[in-house]
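Participant: Below is one structure. I have some questions about it.
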Amino acid sequence: MAQLKMYWFPDTPISDPPLPEGYSLSNYKTEADKLAWVECCKNGLVGDDATAAAFDDSITSWEEIDLEKDVFYLDHNGEHIGTITAFVRKDNVGDVHMVGIRTDYRGKGLSKYMMAAAQKHLRDKGVKYALLTTDEWRKGAVKGYLTAGFLPVEYDVGMELRWRAVLEDYGIDSVQMLYEDATPYKTIYRSGIEQKKVKVGVFGAGRGKTMMNYCRAAGSAALVAVCDKNAEMLEKIKKDYGEEVACYTEFDDFLKHDFDLLVLANYANEHAPYAIRAMKAGKNVLSEVLPVQNMKEAVELIEAVEETGMLYAYAENYCYMPATKKMRQLVKEGDLGSFEYGEGEYMHNCEPAWHRLTNASPVHWRNTMSAFYYCTHSLGPLIHISGLRPVRVSGFEGPFDARMYRMGAKAGPYGVEMVTLENGAVLKSLHGVGPARNSIWYSIYGSKGRMESAREDAEAGGMGKLYVNLDEDEGDNTFEAKEHRVDDGLSAIAENSGHGGSDYYVMHNVIEKLNGNKNCDVIDVYEAMDMFLPGLFAYRSAMAGGAPMEIPDLRNKAEREKWRNDTACTDPAAAGDMLQPSLAAGTPEIPDSVYETLASYDRGRDISREYLQELKNNNK
């Protein structure tokens, strides 16, 4: 987990109390001072068995540190009992480093004297500002830094929540928080002080329950309205979430309700029209997968975002699973070097639950989609990690088989996309609802090495594990693989929210974005298209024998005109006279008897050998 970070500006008044009798300040002079430094830093900053080498590792290794001017000691009767280092980095930013008090002198409030000396030293050097890092468990130190005028910095996931908890611990009502570039973020309040909440309306009470649970648990959001055609489900919502939650069966009535954010958790093929209507009605939108189902909808959705100025966020939760989230962070920090190649898999054997997922209906969207439609779970994280735009794709479709026939799904069991990115790098995306076994897995290569999540069958933690094999510099060729920590400041809160905790991050990020945090990791409408359009055009490629297809960049307004009236997709309600088959070779015929059999199955049971044998025995 990232440390807390704090900044201090040199125009902040410095508290400069007189030293108590018997105390004085001094600077580093001789090698003997190294061991005294170690004693001051034990039980917190260095190990109990640390030697003078710890001083060299932490202090001498910084070429910017002038030992005799930047390393300070607090002395009692001539003996070093505390230390602080204050130096100037090459970017003219001050660094307050390794602040320690000898164990037998802690709890006496002595660090303020060292801090005042460090602040005056850095102010005299003309720094832009000074920084330090620390941890919540160092409670006395953190409170001292706040008292000395240091301000908390919003620079990593969950920082605001962590700082609000710190303020609550100290009984401090509020403090100004900064961004990492030292510009103001906002005033934050201790967690016990009620904050203004983002009012949330959820469309789709099934999948939407995850978002409702977030509102119940988080202090920053309030569930105020739910819309679903299932009146029975709405009654349960009122029972579970309170009578104050307004429930609607008609979307038009629901849209008139006063809320800030619409969560679209309805059918995946119907998101775009509702998102457009909502934004034109002044609502921000969080859309579950998928964003659109044809190019006409893509153009209209983007233009609705641009014209209304409302927030559109795409809830591709696989981007926020522990491994993929950490991969993105490490890539942004340069650890991978230049991005060269990536693979993503979302292979999901849906046969056990397909009868209830589709209501055993031959016209359900899941039974009429192509193998490429549900593509953003596998490709989306790779796009998000790389930060690069897809420009070309070739698509290949698995053959229709007995499993898909049994499911009543009129498509191939899986699709493969080979995607070329704007820098020439290549991605392979494998996804489908009809494989015999499941797989969620991601692997990326760069000029410094490789990162990948664990394979499911390895039973090594899946998306909760990340393995890195990276060089510090290109060409080192060290070939040292190791497991990398994937937790952050929200991991403990998020872990029970579903999909490896990723559902929590989706909601947290969009709520924080609406509350003004520009650091939040939100997938906008353009990136949503970068995740989805490769699948749309991979299917066109598959129908053309795997021929490469250029992927439109709908950021370019001129490019939109070509696609403005292109309704080609596999949904008869949206395609009109441009209806595509759901299988590249032609939509397969599946008799009504298959759906009748599926409808006869217990919706509360998964289809398995044991269940089918049970049915057979009961019918004897």
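Participant: Test Lys34 against the criterion of being at pLDDT 95 or above, open to solvent by 30 Å² or more (accessible area, probe 1.4 Å) and among the basic types (Lys, Arg), and give yes or no.
Facilitator: For Lys34, the condition - at pLDDT 95 or above, open to solvent by 30 Å² or more (accessible area, probe 1.4 Å) and among the basic types (Lys, Arg) - is not met.
Participant: Pairs, please: C-beta under 7 Å, at least 6 apart or cross-chain, first residue touching a residue at least 12 places away in the same chain (Cβ under 8 Å) and in the range 8-23, second polar (S, T, N, Q) and surrounded by 13 or more Cβ atoms within 10 Å (Cβ to Cβ)?
Facilitator: Trp8/Gln119; Ile14/Gln119
Participant: Looking at the range 427-460 only, could you name the residues that are part of a loop (DSSP other than H, G, I, E, B) and surrounded by fewer than 18 Cβ atoms within 10 Å (Cβ to Cβ)?
Facilitator: Ala436, Arg437, Asn438, Ser447, Arg455, Glu459, Ala460, listed by residue number.
Participant: Next question, about the same structure. With the range 512-601 as the region, which helices (runs of 4 or more DSSP H) entirely inside it contain at least 1 residues that are in contact (Cβ under 8 Å) with a residue 12 or more places away in the chain and open to solvent by 40 Å² or more (accessible area, probe 1.4 Å)?
Facilitator: 525-543, 572-575, 592-600
Participant: Condition check: charged (D, E, K, R), at negative phi and crowded, with 21+ Cβ neighbours inside 10 Å. Does Asp169 satisfy that?
Facilitator: Considered against the rule, which asks whether it is charged (D, E, K, R), at negative phi and crowded, with 21+ Cβ neighbours inside 10 Å, Asp169 comes out as no.
Participant: What do you reckon, is Ser370 closer than 27 Å to Leu286 by Cα, in a helix (DSSP H, G or I) and either within 22 Å of the chain's Cα centre (by Cα) or not charged (D, E, K, R) (or both)?
Facilitator: no
Participant: I'd like the full set of residues that are open to solvent by less than 20 Å² (accessible area, probe 1.4 Å), closer than 16 Å to Thr83 by Cβ, within 33 Å of the chain's Cα centre (by Cα) and of a type in the set (A, V, I, L, M, F, W, C), limited to the range 118-148.
Facilitator: Hit for the range 118-148 is Leu132, nothing else.
Participant: Any chance you could count how many residues in the range 241-268 are in a helix (DSSP H, G or I), closer than 22 Å to Asn317 by Cβ and open to solvent by 20 Å² or more (accessible area, probe 1.4 Å)?
Facilitator: 1
Participant: Additional query: Does any residue in the range 253-265 that is free of Cβ contacts under 8 Å to residues at least 60 places away in the same chain and of a type outside the set (Val, Ile, Thr) come within less than 7 Å, Cβ to Cβ, of a residue that is open to solvent by less than 20 Å² (accessible area, probe 1.4 Å) and in a strand (DSSP E or B) six or more places away or on a different chain, and which pairs are these?
Facilitator: Going by the 7 Å Cβ cut-off, the qualifying pairs are Phe254/Gly201; Phe254/Ala225; Phe254/Cys227; His257/Gly201; His257/Ala225.
Participant: Anything in the range 325-349 that is open to solvent by less than 10 Å² (accessible area, probe 1.4 Å) and part of a loop (DSSP other than H, G, I, E, B)? List them, or say none.
Facilitator: Leu336, the sole residue that qualifies.
Participant: What's the total number of residues in the range 55-93 that are over 18 Å from Asn27 (Cα atoms), open to solvent by less than 60 Å² (accessible area, probe 1.4 Å) and either touching a strand residue (DSSP E or B) at 6+ places or on another chain (Cβ under 7 Å) or free of Cβ contacts under 8 Å to residues at least 24 places away in the same chain (or both)?
Facilitator: Residues flagged as over 18 Å from Asn27 (Cα atoms), open to solvent by less than 60 Å² (accessible area, probe 1.4 Å) and either touching a strand residue (DSSP E or B) at 6+ places or on another chain (Cβ under 7 Å) or free of Cβ contacts under 8 Å to residues at least 24 places away in the same chain (or both) within the range 55-93 amount to 1.
Participant: Something else now. State whether the residues of the range 385-397 include one that is buried (at least 24 other Cβ atoms within 10 Å of the Cβ), under 27 Å from Glu472 (Cβ atoms) and out of contact with any Leu (no Cβ under 8 Å at 6 or more places or on another chain).
Facilitator: Looking through the range 385-397, at least one residue is buried (at least 24 other Cβ atoms within 10 Å of the Cβ), under 27 Å from Glu472 (Cβ atoms) and out of contact with any Leu (no Cβ under 8 Å at 6 or more places or on another chain).
Participant: Could you list all residues from the range 407-446 that are of a type in the set (A, V, I, L, M) and in contact with a His (Cβ under 7 Å, 6 or more places away or on another chain)?
Facilitator: Val433
Participant: Between residues in the range 604-619 that are closer than 18 Å to Ala436 by Cα and residues that are of a type in the set (D, E, K, R), which pairs lie under 8 Å by C-beta distance while being six or more apart or on different chains?
Facilitator: So the pair list comes out as Ile607/Glu351; Tyr611/Asp602; Tyr611/Arg605.
The values are calculated or read from the model by the stated rules, or taken from the named source; none is laboratory data. Quick caveat: nothing in here was measured; it's all calculated off a predicted structure. Ideal geometry is used to build each Cβ from the backbone, glycine not excepted, and the neighbour counts take in all protein chains shown. Calculation scope for accessible area: heavy atoms of the full protein, side chains included, ligands and nucleic acids excluded. Shrake-Rupley method; radii C 1.70, N 1.55, O 1.52, S 1.80 Å.
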